[in-house]
Amino acid sequence: MPKRPTAAQRAREVQQATGVNYTAALRRPQRPSEVLYAAVRAARMGWAVSRLDDIFRAERRRAPYLAEAERLEGLLHNEHDRLPEAERQALRAQADSALALAGVHDDDPWDEAREVLWVAGAALARAGSLPDGRRLAAAAAVVLGQDPYLLSDWVRCPGRALSRPGCSFVGCECEAMDMHLAGPDTPWAQEARAGVRALARAARVPHTGNDDDWTEAAELMEEALRHSRRAAGLHEPAAVDDPPRR
């Protein structure tokens, strides 16, 4: 079995990916995208590293503007009754300007989440091609372990329901993820490929706004998670109550 990375190694990987200082990286828990980055980098999946690097660069570029917007909004909240109306309006305008510079109004807020999910599926597919790809499968499981109802929205392509040609949503890439699966017959590889098939089936569920479709895709994402955990050699988590329906 591959050696587990140490806390220091993980911190250095986070530092390289995100630009946070080493001590902060060592103390704070890794985000799913950071866990995934470390695994695909170790597996030398260069194109996947590049896609995640693009996301982290965008996050670093936005961070100062988001921090300034948060500071201004906190000031507005805490000092609202003490500030003259003209000053409140000026602070709101500055906060809006900072958010605009961060690009929060420009793109689909879930685009980057879809990118991370697609890379996780690709990592799981790579794990299915290896005799022992348990680190890749474990990283995919961290991403797939998020709220299945959020993942249901991320994995499906809204453009497909509208018959939009040439749709660029990542969900369209997930749909084809199971087309060329092949690998050894080890239990871990078989489970990894089964996880990719469940992910691809979830991506094919129509994105119509219908709650039944939403739930069907969420259940398939939970199936993908179960297979990815088995592919990683992880124990099944304890049962929890069903998440609230929207």
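The values are calculated or read from the model by the stated rules, or taken from the named source; none is laboratory data. A quick note: this is a predicted structure, and the numbers were derived from the prediction, not measured. Ideal geometry is used to build each Cβ from the backbone, glycine not excepted, and the neighbour counts take in all protein chains shown. Accessible surface is based on the protein model in full, side chains and every heavy atom, while ligands, DNA and RNA are left aside. Shrake-Rupley method; radii C 1.70, N 1.55, O 1.52, S 1.80 Å.
A few points about this structure:
- Qualifying residues in segment 149-170 (those that are farther than 18 Å from LEU36 by Cα and surrounded by 21 or more Cβ atoms within 10 Å (Cβ to Cβ)) - the one modelled with the lowest pLDDT: PHE169
- Residue in segment 141-148 that is out of contact with any Gly (no Cβ under 9 Å at 6 or more places or on another chain), open to solvent by less than 30 Å² (accessible area, probe 1.4 Å), assigned to a helix (DSSP H, G or I) and farther than 17 Å from ALA194 by Cα present: yes
- Tally of residues being within 20 Å of the chain's Cα centre (by Cα) and at pLDDT 90 or above across segment 171-193: 2
- Pick from segment 26-46, criterion assigned to a helix (DSSP H, G or I) and over 17 Å from ALA139 (Cβ atoms), ranking: modelled with the highest pLDDT: ARG27
- Some residue of segment 212-232 being over 24 Å from ARG135 (Cβ atoms), modelled with pLDDT of 70 or more and not in a helix (DSSP H, G or I): no
- Matching residues in segment 68-80 - criterion: being exposed (fewer than 12 other Cβ atoms within 10 Å of the Cβ) and modelled with pLDDT of 85 or more: GLY74, HIS77, ASN78
- Index of the failed condition, VAL49 passing every other in (1) open to solvent by less than 30 Å² (accessible area, probe 1.4 Å); (2) at pLDDT below 90: (2)
- Residue count, segment 194-207 (criterion: open to solvent by 20 Å² or more (accessible area, probe 1.4 Å) and over 12 Å from ARG229 (Cα atoms)): 5
- Test: ARG60 is touching a Gly at 6+ places or on another chain (Cβ under 6 Å), of a type outside the set (A, V, I, L, M) and open to solvent by 60 Å² or more (accessible area, probe 1.4 Å): yes
- Scan segment 88-116 for residues that are touching a helix residue (DSSP H, G or I) at 6+ places or on another chain (Cβ under 9 Å), open to solvent by 70 Å² or more (accessible area, probe 1.4 Å) and more than 20 Å from SER33 (Cα to Cα) and the total you get is 6.
- Within segment 78-135, being of a type in the set (Gly, Ala, Ser), in a loop (DSSP other than H, G, I, E, B) and without any contact (Cβ under 8 Å) to a residue 60 or more places away in the chain holds for one residue alone: GLY103.
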